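J.: Sharing a structure with you now.
The values are calculated or read from the model by the stated rules, or taken from the named source; none is laboratory data. Keep in mind it's a predicted model, so treat the numbers as computed, not measured. As a convention, Cβ positions derive from the backbone with ideal geometry for all residues, glycine included, and neighbour counts pool all protein chains shown.
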Amino acid sequence: MTSHRVDGLGHVDRTRPIQFIFDGRHVTAFEGDTIASALLANDIRVVGRSFKYHRPRGIWGAGVEEPNAIVDVEAPFVIRNCRATTQPAVNGMVVRSVNASPTAANDRNAFVDYFARFMPSAFYYKTFMWPNWHFFEPQIRKMAGLGVLDPETRGPRYAEQINERCDLLVIGGGPAGLFCALTAAERGKKVILCDEGLEPGGSLLHRETTINGLDGRDWVERTLALLKARNVLVLPRTTAFGLYDHGLAALNERRQTGGADRLWRIRPAHILLATGAIERPLPFANNDLPGVMSADAALVYLRRLGVAAGRRVVVATNNSHAIETANALRHAGVHVSLVDYRRGLRVVAAVGQKHVTGVELSDGSRVKADAILVSGGLSPTLHLFSQARGKLRWDEPLSAFMPGEPVERVSIAGAAAGCFDLRGVFESAASALASVGIGDVSLPTVDAGTAFEIVAAWPTPNMKGRVWIDLQHDVTTKDVELAARENFISIEHLKRYTTLGMATDQGKTSNLNGLALMAQLSDRTIPEVGTTTYRPPFTPVPLSSFGGMRGGALMNPPRRLVLENEHVADGANLREYGGWLRPAWYGSEPEAAAIQREARHARETVALFDGSPLGKIEVQGTQAAAFMDFVYYNTMSNLKPGRCRYGFMLGESGTVYDDGVLVRLEENRFIVSCSSSHVAGIYAFLEEWRQDRFDRNQLFIHNATSETATLTVSGPRSRVLLETIGLGLSLDDDALSHMATAWGSFEGTVVRVTRVSFTGDRCYEISIRADRAVTLWDRLKENGRSFEAVLLGLEALMVLRAEKGFIIIGKDSDGMTRPMDLGVSTPLIKKQVEFIGRRSLLTEEAQRGDRNQLVGLEVVDGGAPFATGAHGVEPSKGGKRSIGYITSSYFSPTLKRPIALGLIERGSNRHGETIEIQHLGDVRRARLGPPCFFDAVGERLNA
Amino acid sequence: MLDQKLWRALPDRHTMRLEGGGLRISNIPGLSQYLASGQISLAAAAAGVSAAGAGALGIASGNSYSVRVARDRLLVVSSHEKLLTPGWNDQGYAVTDMSAALEVFEFDGPLCSEIVKRATTLPLSGESPCAALAFAGISACLYCYRSDQVLRLHIDRALSAYVWEWLETMLGLTRSDESQLSGAAGR
């Protein structure tokens, strides 16, 4: 098929060819290929451009450790910054390289590399200081980095998040993980196994071995079948990216077909890390050229995917692990030159411009090659162990960090535990199982294999040429040397100074080489230098995974009125108010006109308003009255059953937290009718104080807000309308006076009718079981036609209450407003019992004479209503100073002029004064007065 | 009109039915529900239900039963009205009628535990003493009814449209070709 496809090897489906486009080029592949294997098979060497210098970069690895082959998938689904090594190729797929323009092969920004010597680490911050960094930042960011976030891209809106529990979570599906999972399952444990590869098996999928007489891949398949038979949840393509407090493991499952990834939150009793090891690069000049690849990855491509990394390759290794790669390629017909550091020969430089054409060796000779397959040793993958607070210890013979002291509920097995031969892998697995309480494990029989051997091959100071340490972040040995010269010798400082080991890569291939060089530069040992902190996520996780199903309409959902559909049918325009979706106004006419119409109409005839969100928090018990006295600023215990009283609740600082009407239904039963938007807060507030100082056996609080719909009938014709409904109770003012409540019934359903008013007009609130409210609402509307009833939206209600000077807490008050600032001082003077906030009201600050106080403001220039938020100003030494601000402002259709409420300094003593109001540079004049503009004596309450 | 467009019309409470992935989801209108706090053993005796009450994933049964929602709080559920009288009882318990305040959903099917895994962090192994929990991010109580393959969920009625849409969305996700739910059996 192509020059790099090897017949007879790999597990791609050669009967199902596919095609896709990479950087505008047609790529042929087979089902089962990854994007990376397909590019390799098609001899596409340059797959990306480097982060900083726009150097050509090729494929390095075969899994999540890949630092170079980051691509954008644009069709048939969109994935940004996707690793080509972990994404299966799909027929018709469109793939683009990142950080390259127009293509990776021909990047117009490649010239940057010619200036590399002038652009070492921290170059930006040292150079672009004048006029300031931010002047240059946008262009630099445009030229550097990986993929570009496209705000137009619409990924999947929702993603699944699943919570699971198990006895044992095995992370890693290689030989150790599979063996541990099966053994634990056979002992009756509930086991979950996750593996980040496209299929479980780990090294057994590409390394020749025999386990219990079976070929490695056959043993994997048999083990998977046994796991399935034992109902073990096996999650391929799933990366455990973080271990968090209390043993929570977070897993991200990649979806193959473009669906949203799936997030797993697993709370296992025990975690077994079988996360394997990552092969390190070897340091030599130009070791970033396309064609320089991990030897183990080359073996993966050959045996799993049937692709040879090259036709004439050099295998360079400082350890025994890569020998199998050399042998396998040779067997596949590839010309292989082995450079074994253990025998003294080393690679000095890779030769080539855009890709490898040869190798320069330490003996001065040159070897022609189209690929250099390198192995600088194996670093156990201990990111998760470190996240679990595990400490690492340096192992000199293996030239790697190993897990240190055991961590509670976490065990390690296999290559992650530093066991690189199969026999050792299974022995370490048995030890790990023993730590979970699973002993007497029968180990599988394996072929002898070879013991792991390694010689040091660390980067050294003053290496010739450009020797790359971190491929993803363009960090070279010279950058590390510069950091050392500038005394950034702490490994954490080195990381920040050079970006070594940062971002999506998290130093998977680079960390150890970087700190080994720093150790030499600072005359320390490698363990003395230590490692940087490993933080989750181990690999990038899409934000959609974290978002789950919190998005769109499911994000912070508002509460819905039981009558919402009826309101919509009546032309309601719904808006969100304090967590409820409510009618703002009705009808299709312009908003302002509709609001004026509704408010005017409500004063003239009768208005129907859905006040269901009003709080209905029941307080019951023998201590209920005392409790009400304590939580309210006003005295409430002397309220008679069947009566209501308006009051404030204060916070401990004495500021007004909420206002509302308290209803005393019975001697030991109250209903706190708090503000609609404060129900949850007030419920928690009441419960907190109940538990603080009252007898918990004599006082109980139930939030019954949703139990009843509250249908409000307001206006001069409200009573006559209600009399046509038949509520089974007398509406005479003697029987049901203002601030009284009484029980009645509507078509067999109990209703409670309460005389309270937020409009200033005669008003009745009818509370009825929410699921039976529709019939009553329909009846009110139907009968209301005879009385020219109007449906009242919340915006018109705001106008009506402002005419009366009734406040909205949080709108006409702020975090500094005390009840005295709102004109309510008597309780502080006369109330005999303790109440929340009392002591704060007695402080010098609370008693200050120049506090902002609630006032009404009239427009004196004949203009439009003031802007809400406009400031009252007066001259001061520096120019002008604020003396408060306007909190509510409307045009009153009743008074036919603008009205406003505000918090103005010493406002209550300044009635009649004219002040300046400033807003966005305009200065107007307002006259201060009492907050109530309409029916100051309250005659309309009984009109 | 931005706000209004985001929200779908409230579902019709008389036709709320969802099916998929081996699950049937519906609402159960008409149940009487009373919140009783304080001397719950006396309240339970007055209502003729268990004082312990079903906890999370515990099994309730019968036409009248109780669900434990706090240390000193029971939700009494019944197909009859007037099981308890709302208000303060001198024996030391408070009762509030919550029949219309809480919407009740029922999940029926062998895979209803998959909903639990997606909506809660509840362990599936064994009953918890208290049925109150967060379901899809909101306060709720959840228990089994008659068998461990039938779950009942009580949630604030004002948020029932949200929960319904959440359930529809969840079922839509799990119907995809890589569904964990549809493939859960046999794993």
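J.: Looking at segment A:532-559 only, could you name the residues that are in a loop (DSSP other than H, G, I, E, B), more than 10 Å from chain B (Cβ to nearest Cβ) and not charged (D, E, K, R)?
T.: A:Thr532, A:Thr533, A:Tyr534, A:Pro536, A:Pro537, A:Phe538, A:Thr539, A:Pro540, A:Val541, A:Pro542
J.: Listed residues A:Gly872, A:Gly879, A:Gly907; which is farther than 20 Å from A:Gln853 by Cβ and out of contact with any His (no Cβ under 8 Å at 6 or more places or on another chain)?
T.: Being farther than 20 Å from A:Gln853 by Cβ and out of contact with any His (no Cβ under 8 Å at 6 or more places or on another chain) holds for just one of A:Gly872, A:Gly879, A:Gly907, which is A:Gly879.
J.: Quick one: B:Phe135 ticks every box in (1) among the aromatic types (Phe, Trp, Tyr); (2) touching a residue at least 40 places away in the same chain (Cβ under 8 Å); (3) more than 8 Å from every other protein chain (Cβ to nearest Cβ) except a single one, so which number is it?
T.: The number of the failed condition is (2).
J.: Just wondering, is there one or more residues in segment B:88-110 that are under 24 Å from B:Ser160 (Cβ atoms) and at pLDDT below 95?
T.: Checked segment B:88-110: at least one residue is under 24 Å from B:Ser160 (Cβ atoms) and at pLDDT below 95.
J.: May I pose another question? Mind checking which residues of segment B:93-109 are at the interface with chain A (Cβ under 10 Å from one of its Cβ atoms), touching a residue at least 60 places away in the same chain (Cβ under 8 Å) and assigned to a loop (DSSP other than H, G, I, E, B)?
T.: Within segment B:93-109, B:Met98, B:Ser99, B:Ala101 qualify.
J.: Here's a follow-up. Would segment A:604-615 turn up any residue that is closer than 23 Å to B:Met98 by Cβ, within 11 Å of another protein chain (Cβ to nearest Cβ) and either surrounded by fewer than 23 Cβ atoms within 10 Å (Cβ to Cβ) or aliphatic (A, V, I, L, M) (or both)?
T.: no
J.: Considering each of A:Thr504, A:Thr509 in turn, give the residue that is surrounded by 20 or more Cβ atoms within 10 Å (Cβ to Cβ) and either within 14 Å of chain B (Cβ to nearest Cβ) or assigned to a loop (DSSP other than H, G, I, E, B) (or both).
T.: Result: A:Thr509 is the single residue among A:Thr504, A:Thr509 that is surrounded by 20 or more Cβ atoms within 10 Å (Cβ to Cβ) and either within 14 Å of chain B (Cβ to nearest Cβ) or assigned to a loop (DSSP other than H, G, I, E, B) (or both).
J.: I want to confirm something. Restricting to segment A:241-253 and keeping residues that are more than 10 Å from every other protein chain (Cβ to nearest Cβ) and touching a Ser or Thr at 6+ places or on another chain (Cβ under 8 Å), which single residue is nearest to A:Phe385 (Cα to Cα)?
T.: A:Phe241
J.: Let me ask another. So how many residues does segment A:84-111 have that are part of a helix (DSSP H, G or I) and in contact with a helix residue (DSSP H, G or I) (Cβ under 7 Å, 6 or more places away or on another chain)?
T.: Summing the residues that are part of a helix (DSSP H, G or I) and in contact with a helix residue (DSSP H, G or I) (Cβ under 7 Å, 6 or more places away or on another chain) in segment A:84-111 gives 1.
J.: Additional query: Among what's in segment A:263-304 and is buried (at least 24 other Cβ atoms within 10 Å of the Cβ) and polar (S, T, N, Q), pick the residue that is farthest from the other protein chains (Cβ to nearest Cβ).
T.: Looking at the filtered set, the residue picked out is A:Asn287.
J.: Here's another thing I want to ask about it. Are there any strands (runs of 3 or more DSSP E) wholly within segment A:351-412 with 1 or more residues that are more than 30 Å from A:Asp43 (Cβ to Cβ), within 42 Å of the chain's Cα centre (by Cα) and not aromatic (Phe, Trp, Tyr), and if so which?
T.: Output list reads A:378-380, A:392-395, A:400-403, A:410-412.
J.: Still on this structure, please answer the following. Does any residue in segment A:537-561 that is crowded, with 17+ Cβ neighbours inside 10 Å come within less than 7 Å, Cβ to Cβ, of a residue that is of a type in the set (Ser, Thr, Tyr) and in a helix (DSSP H, G or I) six or more places away or on a different chain, and which pairs are these?
T.: A:Met549/B:Thr169; A:Leu554/B:Tyr162; A:Leu554/B:Thr169; A:Pro557/B:Tyr162
J.: Residues of segment A:673-710 being at the interface with chain B (Cβ under 9 Å from one of its Cβ atoms), part of a loop (DSSP other than H, G, I, E, B) and among the small types (Gly, Ala, Ser), which ones?
T.: A:Ala704
J.: Which members of segment A:763-782 meet the condition of being more than 10 Å from chain B (Cβ to nearest Cβ) and within 46 Å of the chain's Cα centre (by Cα)?
T.: Of everything in segment A:763-782, those that are more than 10 Å from chain B (Cβ to nearest Cβ) and within 46 Å of the chain's Cα centre (by Cα) turn out to be A:Tyr764, A:Glu765, A:Ile766, A:Ser767, A:Val774, A:Thr775, A:Leu776, A:Trp777, A:Asp778, A:Lys781.
J.: Check off (1) crowded, with 22+ Cβ neighbours inside 10 Å; (2) on the phi < 0 side of the Ramachandran plot; (3) within 13 Å of chain A (Cβ to nearest Cβ); (4) in contact with a helix residue (DSSP H, G or I) (Cβ under 9 Å, 6 or more places away or on another chain) for B:Val69 and give me the number that stays unchecked.
T.: (4) is the only condition that B:Val69 fails.
J.: So in segment A:572-603, with the set limited to residues that are at positive phi and in contact (Cβ under 8 Å) with a residue 40 or more places away in the chain, which one is farthest from the other protein chains (Cβ to nearest Cβ)?
T.: Taking the candidates together, the pick is A:Gly578.
J.: Give, as residue ranges, the strands (runs of 3 or more DSSP E) completely inside segment A:836-920 that count at least 1 residues that are more than 43 Å from the chain's Cα centre (by Cα) and modelled with pLDDT under 95.
T.: A:871-876, A:879-892
Here's the yes/no breakdown for (1) closer than 30 Å to A:Gly258 by Cα; (2) of a type in the set (A, V, I, L, M); (3) away from chain B (no Cβ under 14 Å):
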position: A:His473; (1), (2), (3): yes, no, yes
position: A:Ile489; (1), (2), (3): no, yes, yes
position: A:Ala519; (1), (2), (3): no, yes, yes
position: A:Pro527; (1), (2), (3): no, no, yes
position: A:Gly530; (1), (2), (3): no, no, yes
position: A:Leu561; (1), (2), (3): no, yes, no
position: A:Asn565; (1), (2), (3): no, no, no
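J.: Out of all the residues in segment A:569-579, which are surrounded by fewer than 22 Cβ atoms within 10 Å (Cβ to Cβ) and under 20 Å from A:Leu614 (Cα atoms)?
T.: Listed by number, the residues that qualify are A:Asn573, A:Arg575, A:Glu576, A:Tyr577, A:Gly578, A:Gly579.
J.: Taking the residues in segment A:1-31 that are in contact with a Pro (Cβ under 9 Å, 6 or more places away or on another chain) and either at pLDDT 95 or above or outside any loop (DSSP other than H, G, I, E, B) (or both) as candidates, determine which candidate is surrounded by the fewest Cβ atoms within 10 Å (Cβ to Cβ).
T.: So, considering only residues that are in contact with a Pro (Cβ under 9 Å, 6 or more places away or on another chain) and either at pLDDT 95 or above or outside any loop (DSSP other than H, G, I, E, B) (or both), the one surrounded by the fewest Cβ atoms within 10 Å (Cβ to Cβ) is A:Gly24.
J.: Report yes if A:Asp523 is acidic (Asp, Glu) and either surrounded by 20 or more Cβ atoms within 10 Å (Cβ to Cβ) or in contact (Cβ under 8 Å) with a residue 24 or more places away in the chain (or both), otherwise no.
T.: Against the criterion (acidic (Asp, Glu) and either surrounded by 20 or more Cβ atoms within 10 Å (Cβ to Cβ) or in contact (Cβ under 8 Å) with a residue 24 or more places away in the chain (or both)), A:Asp523 does not qualify.
J.: Quick one: in segment B:1-42, which of the residues that are more than 11 Å from chain A (Cβ to nearest Cβ) and assigned to a helix (DSSP H, G or I) is nearest to the chain's Cα centre (by Cα)?
T.: B:Ser41
J.: Can you name the residue in segment B:72-92 that is assigned to a strand (DSSP E or B) and over 19 Å from the mean Cα position of the chain (by Cα) and, of all such residues, is farthest from the other protein chains (Cβ to nearest Cβ)?
T.: Residue satisfying both the conditions and the ranking: B:Asn89.
J.: Name the pairs whose Cβ atoms lie under 6 Å apart, with the first residue in segment A:339-350 and farther than 19 Å from A:Leu398 by Cβ, the second among the polar types (S, T, N, Q) and part of a strand (DSSP E or B), and 6 or more positions between them or separate chains?
T.: From residues that are farther than 19 Å from A:Leu398 by Cβ, there are no pairs.
J.: For segment A:654-672, what are the residues that are part of a strand (DSSP E or B) and acidic (Asp, Glu)?
T.: Those that are part of a strand (DSSP E or B) and acidic (Asp, Glu): A:Asp658, A:Asp659, A:Glu666.
J.: With the checklist (1) in a helix (DSSP H, G or I); (2) acidic (Asp, Glu); (3) touching a residue at least 12 places away in the same chain (Cβ under 8 Å) in hand, flag the one item A:Asp72 doesn't pass.
T.: The number of the failed condition is (1).
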